[in-house]
Amino acid sequence: AWPYHHLGFPGSISLKPSTMILYVKDYLTSLAGHGFRRFFFINGHGGNVATLKAAFAETYGSLSDREIEIRCELQNWYMVREVYQLAQKLYGDQEGSHATPSEVALTQYAYPEEIKSAPLDPHVAKGFPIYSAKDFRDNYPDGRMGSNPDLATPDHGKQFYEAAVKALSKNYEYFIAS
């Protein structure tokens, strides 16, 4: 949802954080009005974390005025311990933080018929601040941030999928039971 940094890549669509906050708040408020009280979000993009937490906070505030208590849990599939450890084992410092081999591997596992390869510049940029789409495109011309997606394989994707499903299912069960 980070609003602009990917827009230097044709075909990118972004939501402003304020739009996403309104969407999530409406979603939660609607379901809370029907009696739902617990919401478990599985996220796949680091740029969404702050926005989702802000949406939860705004919703908690507006629903408390109506004396409705809800609980929201945010889980990032790529940060659950088992997935993170697997990425470190398979890719080490080449995992990076954007266009990562773990997310590419997961996509390859889900859509093996769509695998395509393209030559990648051996120089991989990392560590630049991002203030705009131009900054992002200038500093990360192919979208990679310290990552080497050439390391991805469908078999790795299967391992990530299984690790994520197992860990997130366990976390969900714990969340519902608590």
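Rule-based calculations on the coordinates, nothing more; no lab input. The shown structure was predicted, so the numbers you read here are calculated from the model rather than taken from an experiment. So basically every Cβ, Gly included, is an ideal-geometry build from the backbone, and we count neighbours across all protein chains shown.
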First measure r as the distance between the Cβ atoms of Y84 and R37, then evaluate 1/(1 + (r/R0)^6) with R0 = 22 Å and state the FRET efficiency to the nearest 0.05.
-> 0.15
From the phi of every residue in the stretch 89-97, what ³J(HN,Hα) in whole Hz does the Karplus formula 6.51 cos²θ - 1.76 cosθ + 1.60 yield, where θ is phi - 60° and glycine or proline is x?
-> 5, 7, 10, x, 6, 8, 5, x, 9
For K116, list the lysines whose Cα falls under 30 Å from its own Cα; do not include residues on the same chain fewer than 8 positions away.
-> K89, K126, K134, K158, K166
Per residue, how big is the convex hull around the C-alpha atoms of the stretch 110-178? Give it to me in cubic angstrom, could you?
-> 157
Any residue on another chain or 5+ positions along whose placed amide H is under 5 Å from the amide H of N43 is listed here as Q75, N76, W77
Just the Cα atoms of the stretch 1-76: what Rg and Dmax do they give in Å?
-> 13.7, 45
Return the sequence-ordered ³J(HN,Hα) values of the stretch 153-170 in whole Hz as given by the Karplus equation 6.51 cos²θ - 1.76 cosθ + 1.60 applied to θ = phi - 60°, using x for Gly and Pro.
-> 9, x, 5, 4, x, 4, 4, 5, 4, 5, 5, 5, 4, 4, 5, 5, 5, 4
Helix 49-64 vs. the chain, principal-axis angle (Cα, 0 to 90°, nearest 10) = 0
Cα centroid separation, the stretch 34-54 to the stretch 148-162 (Å) = 25
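What is the magnitude of the charge dipole of the chain about its Cα centre, with +1 placed on the Cβ of each Lys and Arg, -1 on the Cβ of each Asp and Glu, and no other charges, expressed in debye to the nearest 20? Write down the numbers at each step before the final one.
Working: 17 positive and 20 negative charges, 65 e Å.
Its charge dipole is roughly 320 debye.
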Note on the stretch 39-178: alpha-carbon gyration tensor, axes a ≥ b ≥ c; rule is a/c under 1.5 for rounded, else prolate if a/b larger than b/c, else oblate; result oblate
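Sort 116-125, 150-159 by packing, meaning the average of other beta carbons within 10 Å per residue, with the highest value first.
Numbers: 116-125: 9.4, 150-159: 17.7.
Final packing ranking: 150-159, 116-125.
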